[in-house]
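*Asks:* Below is a structure I'd like to ask you about.
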2 protein chains.
Amino acid sequence: MKKSIGKRELVYPNPVFVIGTYDSNGIPNMMAASWGGICCSEPPCIAVSVRPTRYTYGNIKSTGAFTINIPSEKYASEADFVGIATGANLNKFEKTGLTPVKSELVNAPYIEEFPLNLICKVIKTIEIGVHVQFIGEILETLVDENVFNKDGYPDIDLIKPIIYDMPGRSYRGIGEYLLKAYSSKNKFD
Amino acid sequence: MKKSIGKRELVYPNPVFVIGTYDSNGIPNMMAASWGGICCSEPPCIAVSVRPTRYTYGNIKSTGAFTINIPSEKYASEADFVGIATGANLNKFEKTGLTPVKSELVNAPYIEEFPLNLICKVIKTIEIGVHVQFIGEILETLVDENVFNKDGYPDIDLIKPIIYDMPGRSYRGIGEYLLKAYSSKNKFD
């Protein structure tokens, strides 16, 4: 039996993205965001939604650029913190000790310590409601050398990304192997 | 050190959504999709991207509606299958034995066996590239009665959602508890 809980933005899993931007003074900022995901394969694009009240919003509007940085489990506290504090009166990089690196391609910093960084140029801005969605074309994908496996691709068990469980107000890791993808073609014959 | 792997739509975690639609003959269809996520809190909205070549695309264009259904781990094979097969010449509900239930609010079916169903009306259609992004306003959120915990909220460990690891071509479960959300406000003082 199903129970209706009304109109709720409830879905699983939610990612933990950290958006990197510069403000108008060139001060780097970062903000955690879970409302987003890949939205196109070619050109490769990612969507992320930000409230106009957030400092990051003005930064993206003025620079037309951002990075999406995927924290490893060991940076869960940093990711949590940068979702709470505002960059309007605080340099969150200095506070956390994380390292901003200016992208060579756009006017946005990526986070050196995080294993995956997407360098993005805004190509569309979609007004929805309390959130505005930025669609960024991914101009470059940077991966930490230490998270490639012996087959030469980025390994989820080395990246150790974080999942945000909104109703449970918690962060979770990646769990057990369930199934090989694209293996079920003849499963229901 | 970072290694550039070019322009890649690589991010973690990717969700496993199953989109429910009706075709022009009223035949229910479902399709797995991982390019999407919540995009607004108020009104609650979810974005999902679909290639125009997919049967689901025409269905959404003609009905203006879809559901997003979150499979539990035990339906990993079904979710994998409905991402491979096309509804153009196959009733994927009949094939898998899953049950389509017509929403009372929109012209789209939800999947009875899956623990979470979002009933959506298309409010925006964004042309990006090889994928078109549909933004759906969530008109109702349906949750299986068995996945509420004793505190009265949907429990991620009862829902058991699936994560798609693209480079690893695998599906994964939800992992261990890492941190309480919103707990790090004073962590870096």
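The values are calculated or read from the model by the stated rules, or taken from the named source; none is laboratory data. Keep in mind the model is a prediction, meaning the values are calculated, not measured. Cβ coordinates were reconstructed from backbone atoms using ideal geometry, including for glycine residues, and neighbour counts include every protein chain displayed. These accessible areas exclude ligands, DNA and RNA; they are computed on the full protein's heavy atoms, side chains included. Shrake-Rupley method; radii C 1.70, N 1.55, O 1.52, S 1.80 Å.
*Asks:* What does the convex hull of the alpha-carbon atoms of the protein assembly as shown project to on average, in nm²?
*Replies:* Quarter of the Cα hull surface area: 17.3 nm².
*Asks:* Counting only helical runs of four or more DSSP H residues, what would the 222 nm mean residue ellipticity of the protein assembly as shown come to if each run contributes -39,500 (n - 2.57) and the total is spread over all its residues?
*Replies:* -3500 deg cm²/dmol
*Asks:* Let me ask another. Do any chymotrypsin sites (Phe, Trp or Tyr not before Pro) in the range A:90-189 lie in a loop, going by DSSP, with at most 14 other beta-carbon atoms within 10 Å of their beta carbon, and if so which?
*Replies:* A:182
*Asks:* Along Cα→Cβ at 7 Å, what distances in nm separate the residue A:180 label point from those on the other copies, shortest first?
*Replies:* Reported distances to equivalent positions: 4.4 nm.
*Asks:* May I pose another question? How long, wide and thick is the range A:1-118, going by the Cα atoms along their three principal axes, in whole angstroms, largest first?
*Replies:* Largest to smallest, the principal-axis extents are 53, 34, 28 Å.
*Asks:* Now for a different question. Starting from the 7 Å offset along Cα-to-Cβ, what nm value, one decimal, do you get for the label separation of residue A:185 and residue A:99?
*Replies:* So the two model labels end up 4.5 nm from each other.
*Asks:* Now a separate question. In nm, what does the list of distances from residue A:97 to its counterparts in the other copies look like, shortest first, when each label sits 7 Å along Cα to Cβ?
*Replies:* 5.4
*Asks:* Let me ask something else. Work out how much length residue A:4 to residue A:153 would gain on full extension: take 0.36 nm times their residue separation and subtract the Cα-Cα distance, in nm to one decimal.
*Replies:* Residue separation times 0.36 nm, minus the Cα-Cα distance, leaves 49.5 nm.
*Asks:* For chain B, what's the relative contact order in percent, using C-alpha pairs closer than 8 Å and at least 6 residues apart?
*Replies:* About 22 percent, as a whole number.
*Asks:* Could I ask something else about it? Keeping all protein chains in position, work out how much accessible area residue B:53 exposes to a 1.4 Å probe, and write it in Å² to the nearest 10.
*Replies:* 120 Å²
*Asks:* Roughly how many debye, to the nearest 20, is the charge dipole of the protein assembly as shown about its Cα centre, given +1 on each Lys and Arg Cβ, -1 on each Asp and Glu Cβ, and no other charges?
*Replies:* That gives the protein assembly as shown a dipole magnitude of about 420 debye.
*Asks:* Shifting gears a bit: Quick one: order B:127, B:78 from most to least accessible surface, probe 1.4 Å.
*Replies:* Listed by decreasing accessible area, they come as B:127, B:78.
*Asks:* Still on this model: Give or take rounding to whole Å, what are the principal axis extents of the alpha carbon atoms in the range A:36-189, in descending order?
*Replies:* Principal-axis extents of the Cα atoms in the range A:36-189, largest first: 57, 37, 33 Å.
*Asks:* Provide an ascending nm list, one decimal, of label-point separations from residue A:62 to the equivalent residue in each further copy; define each label point as 7 Å from Cα along Cα→Cβ.
*Replies:* Ordered by increasing distance: 5.0 nm.
*Asks:* List the trypsin sites (Lys or Arg not before Pro) within the range A:102-158 that fall in a DSSP loop (any state other than H, G, I, E or B) and whose Cβ has at most 16 other Cβ atoms within 10 Å.
*Replies:* Hits after loop and neighbour filter: A:150.
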